[in-house]
Structure formats: C-alpha cells, structure tokens
Ligand SMILES: Cc1cc2nc3c(=O)[nH]c(=O)nc-3n(C[C@H](O)[C@H](O)[C@H](O)COP(=O)(O)O)c2cc1C
C-alpha cells in the first residue's frame, strides 16, 4: 500500500510521514485533472495577530518545505518578514480530502529563486518587475505602462530576477489530514512534529 492510499482512511496504512501522504493526495488531484489541484489558502498575520488570507499556488516540496512564490514586498511578504508564523489549507472537493498545516515561513536561498525565475516564461518574468504587488495603483493604464517600460528596459537581453520576488519555504510543524465521511463523521488525524518524528492523534470531526 502506498502512502495516502485512497482505499484507506486509516493512518496506520499511510506510513508515519504526513507530508508524504499530502504529496500523494496532491499528486492524485493533479493526475485526475481536478480544478485548482495546486491552489491553497495561505494565511499570515501581523505581529499583533491580525490575520489575512489569500490563494496562492503550490510549487512542490524541497527539504521538507512546501514551496510558494511571491513578491516579498506584498502584504503577505511584509507580514512574514515581521512574523514568520503562517497557516495554509488545501481542499480538493473531487477527492473529499482536506490538508491543513501550521508552521513557519522563510525566504528560499537566492540561488533557488534565481533558478525558479529563470524557468518562467518571459511575460511572467516581465510581470514580476512591472507589478508592485499589493501597492495601490491609480489605474489599469498605470500597470500597462509599467509593463511597457519593463519590456523596453530588458529588450534584447535576459530578464534577471527582481530582488523583491522569489520562492518561500513553508516548514510545517503541525499537519491535519481530513477525509470526508458520511453523516459528517469525517476522519481527522492531527500530526505534530516532535524532533525527527511526527506524533499523531485522531480528532473528533
Ligand atoms: C488561483 C490563484 C492563484 C494565485 N497564485 C498566486 C501565487 O502563486 N503567488 C502570489 O503571490 N499570488 C497568487 N495569487 C494572488 C493572491 O491571491 C493575492 O491576490 C496576491 O498574492 C496578493 O496578496 P497579498 O496582498 O495578501 O500579499 C493567486 C490568486 C489566485 C486566485
């Protein structure tokens, strides 16, 4: 039986690593062509605990961290710089599976962001320069003009990564795997990291 096997709703069958189960579920959502299979809700908070949440895309795992990409000077980027604690949730209606995580976020090494940025198409690269994400814009025309200026600036040469744009690493400390059940009697398993191992508890739905 592979981790996250769909025929089982029992963590004994899933192995001891909830991130392996998560990866298997997410991959299944992709393979089945489910809409927004790679979308998650990503919550950050100010140092005094005011939360904010938005949708972002999941860019795979590296060294036990979930990778996200964003503008470091966006609202979320500014919140993370002051308070690295964050939470996220995936829900795939087509699988009746939910994964919640809580943990900390940090910027990936610059070389990793450079590598990721180099793999984006040119228009997306230019867009990363043109958009001062989360800052007020007077009009759509202002954004279009910024894009034109950037196009001109990089004409005939490669677009380097803007210093304010890059990969984030989300390191989970707590993971909850949720499997929809009938009569709202769902299965919930909460995993907490304890050094190198994960402690698991079943929770009432
Ligand atoms: C389906 C979807 C995917 C998105 N993916 C990303 C993403 O990967 N990175 C990102 O910075 N914003 C992404 N956004 C935009 C964010 O939801 C949000 O508008 C933006 O990041 C600014 O958020 P902030 O002001 O809280 O920083 C996505 C939006 C949607 C609806």
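None of 60, 94 is more than 13 Å from the chain's Cα centre (by Cα) and either at pLDDT 95 or above or loosely packed, with under 15 Cβ neighbours inside 10 Å (or both) except 94. Taking the conditions exactly as written (without any contact (Cβ under 8 Å) to a residue 24 or more places away in the chain and surrounded by 11 or more Cβ atoms within 10 Å (Cβ to Cβ)), does residue 130 satisfy them or not? Taking the combined requirement at face value, the residue satisfies it. When 99, 69 are screened for being at pLDDT 95 or above, more than 13 Å from the ligand (Cβ to nearest atom) and surrounded by 13 or more Cβ atoms within 10 Å (Cβ to Cβ), only 99 passes.
Against the definition (more than 13 Å from the ligand (Cβ to nearest atom) and free of Cβ contacts under 8 Å to residues at least 24 places away in the same chain), how does residue 83 come out, yes or no? Here the answer is no, as residue 83 does not meet what is asked. The numbered conditions (1) part of a strand (DSSP E or B); (2) in contact (Cβ under 8 Å) with a residue 24 or more places away in the chain; (3) surrounded by 15 or more Cβ atoms within 10 Å (Cβ to Cβ) are all true for residue 190 except (2). Just need a number here: residues in region 106-125 that are more than 16 Å from the ligand (Cβ to nearest atom) and out of contact with any strand residue (DSSP E or B) (no Cβ under 8 Å at 6 or more places or on another chain). Looking only at that region, the number is 6. Check 172, 109, 136, 205 and return the single one that is surrounded by fewer than 15 Cβ atoms within 10 Å (Cβ to Cβ) and under 24 Å from residue 34 (Cβ atoms). Selected residue: 205, the only one of 172, 109, 136, 205 that is surrounded by fewer than 15 Cβ atoms within 10 Å (Cβ to Cβ) and under 24 Å from residue 34 (Cβ atoms). Residue pairs whose Cβ atoms lie under 7 Å apart, sitting 6 or more positions apart in sequence or on different chains, and linking a residue in region 46-68 that is more than 24 Å from residue 109 (Cβ to Cβ) to a partner that is in a loop (DSSP other than H, G, I, E, B) and within 15 Å of the ligand (Cβ to nearest atom), are 46/83; 47/83.
The values are calculated or read from the model by the stated rules, or taken from the named source; none is laboratory data. Note that the structure is a prediction, hence the values are computed from the model and not measured. Ideal geometry is used to build each Cβ from the backbone, glycine not excepted, and the neighbour counts take in all protein chains shown.
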